[in-house]
Amino acid sequence: MAEQLTSNNEALRLFFTDDVYLIANEEIKVSETASVESLPAPTQHIKDEAVSVPAEVQPVKKQKRDFTHLGKNAKNILILVSDPVNQVSTEEGRELLRKIVKAIDLSAADFALVNCSAYADADFEELQTFFKPRLMLSFGVLPEALGLAAQPQNSVVKHEGITLVFSSELQALSEDMNGKKALWGSLKQLNIS
């Protein structure tokens, strides 16, 4: 079939002079040898009648889901990591996380640890609803991925009453002395009891 040479409505009206009909819920199978008389009768005349448009489309609500996590979340502290290969991180990354958790006086029962690589579409609201954190430490999960505005790395920020700290991915952070120092400075500001 040749390409349409014009999109100008006035020009097209010169060529398309017949009425146009809308056929409701009927499939039309026309072979090359079919005649016009074999087509179904029109059911709605577009030129004379308005075509009804469905009412507003209702947004699809997210279904609540369960997040697989490590820890018991007794102190409502959420730790997010992002590692598509490992459950938490590499050995170096896990060791750094152990040191961080120990330095701020937490045990595995105090926090929930979620690998967000398995939940790429999870947003802040969904995590907040499920875990109800008062503190969230994020390693490698960007605030934009959670639907939040960009935040400075290794700094303490507040959002909707929740204390947030965003840092780089654990493996990268284990090799970044300046990043670890900046993170430690922020962690010392936290009052975890």
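Descriptive notes on the structure:
- Restricting the stretch 176-193 to residues that are of a type in the set (D, E, K, R) and not in a helix (DSSP H, G or I), the residue that is nearest to the chain's Cα centre (by Cα): Asp176
- Residue count, the stretch 155-175 (criterion: free of Cβ contacts under 8 Å to residues at least 40 places away in the same chain, surrounded by 15 or more Cβ atoms within 10 Å (Cβ to Cβ) and either in a loop (DSSP other than H, G, I, E, B) or of a type in the set (Ser, Thr, Tyr) (or both)): 4
- Filtered residue count, the stretch 35-94, keeping only those that are in a strand (DSSP E or B) and modelled with pLDDT of 55 or more: 6
- Being in a loop (DSSP other than H, G, I, E, B), under 16 Å from Gly71 (Cβ atoms) and at pLDDT below 95 is a property that does not hold for Ala150.
- In a residue-by-residue description of the stretch 101-111, the property of being assigned to a loop (DSSP other than H, G, I, E, B), without any contact (Cβ under 8 Å) to a residue 12 or more places away in the chain and surrounded by fewer than 19 Cβ atoms within 10 Å (Cβ to Cβ) applies to at least one position.
- Count - residues of the stretch 176-192 that are touching a residue at least 12 places away in the same chain (Cβ under 8 Å) and of a type outside the set (A, V, I, L, M, F, W, C): 5
- Residue within the stretch 144-153 that is buried (at least 20 other Cβ atoms within 10 Å of the Cβ), under 14 Å from Ile79 (Cα atoms), of a type outside the set (Ser, Thr, Tyr) and in contact with a Phe, Trp or Tyr (Cβ under 9 Å, 6 or more places away or on another chain) present: yes
- Failed item in (1) in a strand (DSSP E or B); (2) closer than 21 Å to Asp66 by Cβ, with Glu126 passing the rest: (1)
- Hits in the stretch 129-143 - residues which are in a loop (DSSP other than H, G, I, E, B) and crowded, with 17+ Cβ neighbours inside 10 Å: Pro133, Gly140, Val141
The values are calculated or read from the model by the stated rules, or taken from the named source; none is laboratory data. In this text the structure is predicted, and so the values were computed from the model without any measurement. So basically every Cβ, Gly included, is an ideal-geometry build from the backbone, and we count neighbours across all protein chains shown.
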